[in-house]
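Undergrad: Have a look at the structure that comes next, please.
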2 protein chains.
Amino acid sequence: MFREKIKVFDCTIRDGGLINNHDFDERFVREVYKALSGAGVDYMEIGYKNSKRLFSPKDFGKWKFCEDSDIEKVITGIKSKTKISVMVDVDRVDIEDIKPKKESPVDMIRVASYVKDIDKAIFLVNHFADKGYETTVNIMAISRALDNELTEALGQLEKECKAQVIYIVDSFGALYQETTEFLIKKFKSILKTKEIGMHAHNNQQLAFANTIEAIIHNANFVDGTVYGLGRAAGNCPLELLIGFLKNPKFDIRPILDLISKEFIPLREKIEWGYIVPYAITGMLDEHPKSAIALRDSDKKENYREFYESLLGEDID
Amino acid sequence: MFREKIKVFDCTIRDGGLINNHDFDERFVREVYKALSGAGVDYMEIGYKNSKRLFSPKDFGKWKFCEDSDIEKVITGIKSKTKISVMVDVDRVDIEDIKPKKESPVDMIRVASYVKDIDKAIFLVNHFADKGYETTVNIMAISRALDNELTEALGQLEKECKAQVIYIVDSFGALYQETTEFLIKKFKSILKTKEIGMHAHNNQQLAFANTIEAIIHNANFVDGTVYGLGRAAGNCPLELLIGFLKNPKFDIRPILDLISKEFIPLREKIEWGYIVPYAITGMLDEHPKSAIALRDSDKKENYREFYESLLGEDID
């Protein structure tokens, strides 16, 4: 009953790092890696490769930079088939920081890009691919992409780009299943030689559902995070995804243990998940930044006023 | 873009009452009714009509019995088009307690039934219909129904039953979209003269998604509860449903206010929502009672042991 091609991709530390400036300690990251390895998860994304010229290591934890030596520390000694991924944002990476694959513990580099930056993303991906890495392009804010521009970008990716996987990223948690279906079918129709990936956000409690929808329509790379950890509403809960997939290589139990021991206590310290202001930005197809600001204010539970403030923005 | 036939059915007080023995105070229920009326919600289910011979009013709040006089107290003086519903369980009602519709504030009676009790449900529904009420049959634990028995039950409902609506009730929160689609299509194929309803539980964060799936395949009665309140993992969040539907008669703002003022404080006192043991019972297609018991114990966060205990049940 299972489709062997489906790869489960965990981005707990990478997406979760957006809440705490990428400042998870080594012990915690090692526990996550150990559990993912035991669960049979295919990939673990550990953070970003950002330029230290642009961001100061004083202001951020180490997973904003993902030095190979820091990665080695958290994975050494753990028996694992889980591959390591890092993410790169267009315009924020120094490509000379990336060593050839042979000299690095990193297996995959994912390039996050808006449709408008697709040429830059293709340049980066091809550079990393030539250095020996598996690569993907993750098209962010897909719910805001104009159809003609998306068509052109997908055409370029198919022709010019060495990435194995092209991802739909529902950055705002705005997609319903019908649009997910539409997008996956569109991607499949243009990207004949590539796999499709799905990275969903949970603003409207649809991250898992949209991921299932993507699987139904033949996406084979699916992202999740442990207990849904991730900025704002968070992501598709990995434990639900593992519970759904039928491939006997997966084992949910190490993930259950990890949630009990590490994520329930963590949730007391940092906030993510289904919170109404994030649902509102999802419904309105907005970036969650206004809702994140609200949650840091003394009006954090004033949902109606927040909703009306978004409706009231001048637009012409 | 909207389908006028879609009716939004709130069961906050009824399903939420399963957490607190139906003991919401009048002020709270009145606030809910006021907000639902302002939001344009079509129906509000306020509780159960249970026999006082079987359940003592000393042990339960008033919404386990729903005396007409108690209903009158919470709705009088509020301008509203929202209809009032009560639920009846097979074998737990005294039918002589139900007055003719003309003498009651109740508009609809929903009969909850397992497939095996369908003859009893039909008897009850036809009795209530003859008294002038709108009626539904809600088929519980649908994820456990055997296909041949379900086919027979649906055939009987189509031929013998006066209910306007037949509901799929995913009691265990076990359905994924593909099975929801299968069931809705099956119901539609047999129930030619009736509307289909969807009542989802949120164990796997799929209550909203399965409700959308039901709408896509032409279910026209959809249940939600404010902030997802309901036993265990709770239900489809009404605010998400209202945000999704395009009918201009709906207004989300009174619901947002209600959540801020009443449901955020309530959530501090009673527990519901996405909690891993409920996800586990959903994945395994089990009644949540074992997870509810776990949450009342000192092992409430011991997910792995709980999971293994369910797998380890002897079966032959």
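Undergrad: Which lysines does A:Lys52 reach when only Cα atoms under 18 Å apart count, and residues fewer than 8 places away in its own chain are ignored?
TA: A:Lys62, A:Lys64, A:Lys99
Undergrad: Please pull out the direction-averaged projected area of the protein assembly as shown, using the convex hull of its alpha-carbon atoms, in nm² to one decimal place.
TA: On the way: hull surface 118.7 nm².
About 29.7 nm², averaged over all directions.
Undergrad: Around B:Ile292, what is the net charge, scoring Lys/Arg as +1 and Asp/Glu as -1 over all other residues with Cβ under 11 Å from its Cβ?
TA: On the way: positive: B:Arg231, B:Lys289, B:Arg295, B:Lys300; negative: B:Glu271, B:Asp296.
Cβ neighbours under 11 Å give a net charge of +2.
Undergrad: Name the residue from A:Phe187, A:Asn126, A:Gly224 whose Cα lies farthest towards the positive end of the charge dipole of the protein assembly as shown, charges +1 on Cβ of Lys and Arg and -1 on Cβ of Asp and Glu.
TA: A:Phe187
Undergrad: Counting only helical runs of four or more DSSP H residues, what would the 222 nm mean residue ellipticity of chain B come to if each run contributes -39,500 (n - 2.57) and the total is spread over all its residues? Mind dumping the intermediate values first?
TA: On the way: 13 runs with 121 residues, N = 316.
Taken over chain B, the calculation gives -11000 deg cm²/dmol.
Undergrad: Give me the Kirkwood hydrodynamic radius of segment A:77-232, using the inverse of the mean 1/r over all pairs of distinct Cα atoms, in Å to one decimal. Can you show the working numbers first?
TA: Working: mean 1/r = 0.0626 Å⁻¹.
Taking every pair of different Cα atoms in segment A:77-232, averaging 1/r and inverting gives 16.0 Å.
Undergrad: While we're here: Can you give me the Cα centroid spacing of segment A:234-258 and segment B:148-173 in angstrom?
TA: Centre-to-centre (Cα) distance: 34 Å.
Undergrad: Set Lys and Arg Cβ to +1 and Asp and Glu Cβ to -1, take the dipole of the protein assembly as shown about its Cα centre, and tell me which of B:Phe28, A:Thr76, B:Ile252 lies farthest positive.
TA: B:Ile252
Undergrad: Would you kindly derive the ³J(HN,Hα) couplings of segment B:64-73 from the backbone phi angles with the Karplus curve 6.51 cos²θ - 1.76 cosθ + 1.60 (θ = phi - 60°), listing them in order in whole Hz, with x for Gly and Pro?
TA: Rounded to whole hertz, the list is 7, 10, 6, 4, 3, 5, 5, 5, 3, 4.
Undergrad: Measuring nothing but label to label, 7 Å from Cα along Cα→Cβ, what are A:Asn21's distances to the other copies in nm, shortest first?
TA: 5.0
Undergrad: Taking the axis that carries chain A onto chain B, what is the nearest Cβ in chain A, and at how many Å, to the whole number?
TA: A:Ala209, 2
Undergrad: At q = 0.12, 0.17, 0.23, 0.26 Å⁻¹, what log₁₀ I(q)/I(0) does segment A:147-239 have when each alpha carbon counts as one equal point scatterer in the Debye sum?
TA: Summing over Cα pairs of segment A:147-239 leads to -0.35, -0.68, -1.10, -1.27.
Undergrad: Can you give the mean number of other chain Cβ atoms that lie within 10 Å of the Cβ atoms in peptide B:207-213?
TA: Working: counts 2, 6, 11, 1, 0, 6, 4.
Mean shielding count: 4.
Undergrad: Now a separate question. Using a simple charge model, +1 on the beta-carbon of Lys and Arg, -1 on the beta-carbon of Asp and Glu, nothing else, what dipole does the protein assembly as shown show about its Cα centre, in debye to the nearest 20?
TA: Details: 90 positive and 104 negative charges, 71 e Å.
Using Cβ point charges on Lys, Arg, Asp and Glu, the protein assembly as shown gives about 340 debye.
Undergrad: What net charge do the residues around A:Ala121 carry, taking every other residue with its C-beta under 11 Å from that of A:Ala121, with Lys and Arg at +1 and Asp and Glu at -1?
TA: In short, -2.
Undergrad: Let me ask something else about it. Counting Lys and Arg as +1 and Asp and Glu as -1, each charge on the Cβ, what is the dipole of segment A:7-269 about the Cα centre in debye, to the nearest 20? Display every interim value, and only then the final one.
TA: Numbers: 38 positive and 40 negative charges, 92 e Å.
Charge dipole, segment A:7-269, about its Cα centre: 440 debye, nearest 20.
Undergrad: Here's something else I'd like to know. Once phi is turned into θ = phi - 60°, what whole-Hz ³J(HN,Hα) does the Karplus curve with 6.51, -1.76 and 1.60 give for every residue of segment A:302-312, x standing for Gly and Pro?
TA: Karplus-based 3J(HN,Hα) across segment A:302-312 equals 8, 6, 5, 4, 4, 4, 5, 5, 6, 5, x Hz.
Undergrad: Can you give me the long-range amide H partners of A:Phe24? Hydrogens built in the peptide plane at 1.01 Å from N, cutoff under 5 Å, separation of 5 or more residues or another chain.
TA: Hits under the 5 Å cutoff: A:Trp63.
Undergrad: Taking the Cα centre of segment B:1-108 as origin and charging only Cβ (+1 Lys, Arg; -1 Asp, Glu), how large is the dipole, in debye to the nearest 20?
TA: On the way: 21 positive and 21 negative charges, 68 e Å.
With only Lys, Arg, Asp and Glu charged at Cβ, the dipole is about 320 debye.
Undergrad: I need the Kirkwood Rh of chain A: take the reciprocal of the average 1/r across all distinct C-alpha pairs and report it in angstrom. Walk me through the numbers before you get to the answer.
TA: Working: mean 1/r = 0.0506 Å⁻¹.
19.8 Å is the Kirkwood radius here.
Undergrad: Using θ = phi - 60° and the Karplus curve 6.51 cos²θ - 1.76 cosθ + 1.60, what whole-Hz ³J(HN,Hα) does each residue of segment B:182-197 get, with Gly and Pro shown as x?
TA: Karplus values, whole Hz, x for Gly and Pro: 4, 5, 4, 5, 5, 4, 4, 6, 9, 8, 5, 10, 10, 7, 10, x.
Undergrad: Can you list residues whose amide H is under 5 Å from A:Gly47's amide H, if they're 5+ apart or on another chain and H is modeled 1.01 Å from N?
TA: HN-HN under 5 Å from A:Gly47: A:Arg14, A:Met87.
Undergrad: When only C-alpha pairs under 8 Å and at least 6 residues apart count, what is the relative contact order of chain A, in percent?
TA: That works out to 18 percent.
Undergrad: Collect residues whose amide H, placed 1.01 Å from N in the peptide plane, falls under 5 Å from the amide H of B:Lys7; neighbours closer than 5 in sequence don't count.
TA: Close amide H contacts, sequence-distant or interchain: B:Phe221, B:Val222.
Undergrad: If I model segment A:103-158 as equal point scatterers sitting on the Cα atoms and use the Debye formula, what is log10 I(q)/I(0) at q = 0.26 Å⁻¹?
TA: -1.01
None of the figures in this text is laboratory data; all of them are computed from the coordinates on show. Keep in mind that what you see is a predicted model, and the values were worked out from it rather than measured. Because the Cβ atoms are built from the backbone with ideal geometry, glycine has one as well, and the counts that use them run over all protein chains shown.
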